[in-house]
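The structure appears right after this line, and notes come after that.
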Amino acid sequence: MNSKPLIGIVPDFETAATYSSYPWYALRENYVTAISDTGGIAIIIPYESSAIEDYHNMLDGLVLTGGNFDIDPSYYGEEITSDKIGIKDKRTAFEFEIFMKSFNNNIPILGICGGEQLINVGLKGSLIQHIPDAVMNSLEHEQKIEKHLANHVVNILPNTLLHKIIGRTTVEVNSTHHQAVKVLGNNLEVCATAPDGIIEAIEATNCKFCIGVQWHPEYRSREHDHKLFGAFIDACRS
Ligand SMILES: [Mn+2]
């Protein structure tokens, strides 16, 4: 294997006429630099279902990103219950397919924000559709301050891979989500929670590396963000 692992990143998709009046793929640059600075080679993979087998054969790891979207609740057997939901059918259909293929073949996976939620739904879990509707007195999970700044703490559960990686039981994280894990998917365990009880990270117990975090470590503003990317790239290399 190449000493630098090849990491696929699924981008977001936009039709808003800001960059182009035609549909365009969108990805914040720091998802890429977090990988390249940590020793991987990042490759952005478009939603081409016919190429999934080829992508899969190339990749040593997969990053599922966040973005301006929600997973269609029909994937977990619910109707849409909030007007805050925005779905992207093409993205979610592609992402499900590449996630399941990677997961079933034990390719390391890091899910970030919406990517964490995709892991949970992919493994037959469900989501809180809009946190303020579901949790009384929840913390502010859609922070108004700049996105790289920490907005709340999370408690990391002992005896989890995430705890082994980060080596701390409480860390500060940024928070830019309005949904969260509700019912946990198969073969997953909770590895971090916010003080209001919101699930902030999950990991699969039956594979090499499949961790989803609700925060955005790609900003790498805190030491634990570097540790998470380091452990992910190490897993992709082995
Ligand atoms: Mn949060």
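The values are calculated or read from the model by the stated rules, or taken from the named source; none is laboratory data. Since the structure is predicted, the reported quantities are computational estimates derived from the model, not experimental observations. Virtual Cβ from ideal backbone geometry, glycine too; neighbours counted across all protein chains shown.
Look through the stretch 130-148, keep the residues that are of a type in the set (A, V, I, L, M, F, W, C) and assigned to a loop (DSSP other than H, G, I, E, B), and return whichever of them is farthest from the ligand (Cβ to nearest atom).
Going through the qualifying residues, I end up with 136.
Identify all residues within the stretch 162-192 that are in a loop (DSSP other than H, G, I, E, B), under 29 Å from residue 77 (Cα atoms) and small (Gly, Ala, Ser); write none if there are none.
Residues satisfying the conditions are 175, 185.
Of all residues in the stretch 149-170, which are among the small types (Gly, Ala, Ser) and away from the ligand (no atom under 13 Å from the Cβ)?
Result: 167, single match.
Scanning the stretch 211-238 for residues that are acidic (Asp, Glu) and more than 13 Å from the chain's Cα centre (by Cα), which turns out nearest to residue 176 (Cα to Cα)?
Looking at residues that are acidic (Asp, Glu) and more than 13 Å from the chain's Cα centre (by Cα), I get 225.
Any idea how many residues of the stretch 157-174 are crowded, with 22+ Cβ neighbours inside 10 Å and among the polar types (S, T, N, Q)?
1
Do any strands (runs of 3 or more DSSP E) lying entirely in the stretch 1-106 carry at least 2 residues that are farther than 23 Å from residue 230 by Cα and charged (D, E, K, R), and which ones are they?
Counting at least 2 such residues, we get 12-14.
Mind listing just one residue for me: the one in the stretch 113-129 that is in contact with a strand residue (DSSP E or B) (Cβ under 9 Å, 6 or more places away or on another chain) and in a loop (DSSP other than H, G, I, E, B) and, of those, nearest to the ligand (Cβ to nearest atom)?
113
Does the stretch 171-191 contain any residue that is aliphatic (A, V, I, L, M), away from the ligand (no atom under 11 Å from the Cβ) and under 26 Å from residue 41 (Cα atoms)?
No, the stretch 171-191 contains no residue that is aliphatic (A, V, I, L, M), away from the ligand (no atom under 11 Å from the Cβ) and under 26 Å from residue 41 (Cα atoms).
Consider the stretch 64-113. How many of its residues are among the small types (Gly, Ala, Ser) and over 30 Å from residue 234 (Cβ atoms)?
Summing the residues that are among the small types (Gly, Ala, Ser) and over 30 Å from residue 234 (Cβ atoms) in the stretch 64-113 gives 5.
From the residues in the stretch 193-238 that are in a loop (DSSP other than H, G, I, E, B) and more than 21 Å from residue 153 (Cβ to Cβ), which one is farthest from the ligand (Cβ to nearest atom)?
238
Going by what's in this entry, would residue 222 be described as more than 20 Å from residue 84 (Cβ to Cβ), of a type in the set (D, E, K, R), buried (at least 16 other Cβ atoms within 10 Å of the Cβ) and touching a residue at least 12 places away in the same chain (Cβ under 8 Å)?
Answer is yes for this residue.
So which pairs qualify, if the first residue must be in the stretch 180-200 and touching a residue at least 60 places away in the same chain (Cβ under 8 Å), the second must be charged (D, E, K, R) and part of a loop (DSSP other than H, G, I, E, B), the Cβ gap must be under 7 Å, and the two must be at least 6 apart or on different chains?
Final answer for the pair search is 185/124; 186/124.
For the stretch 38-56, what are the residues that are free of Cβ contacts under 8 Å to residues at least 60 places away in the same chain and either touching a His at 6+ places or on another chain (Cβ under 9 Å) or β-branched (Val, Ile, Thr) (or both)?
Passing the criteria: 41, 43, 44, 45, 52.
May I ask you to verify whether residue 118 is at pLDDT 95 or above, buried (at least 22 other Cβ atoms within 10 Å of the Cβ) and not aromatic (Phe, Trp, Tyr)?
It is true that residue 118 is at pLDDT 95 or above, buried (at least 22 other Cβ atoms within 10 Å of the Cβ) and not aromatic (Phe, Trp, Tyr).
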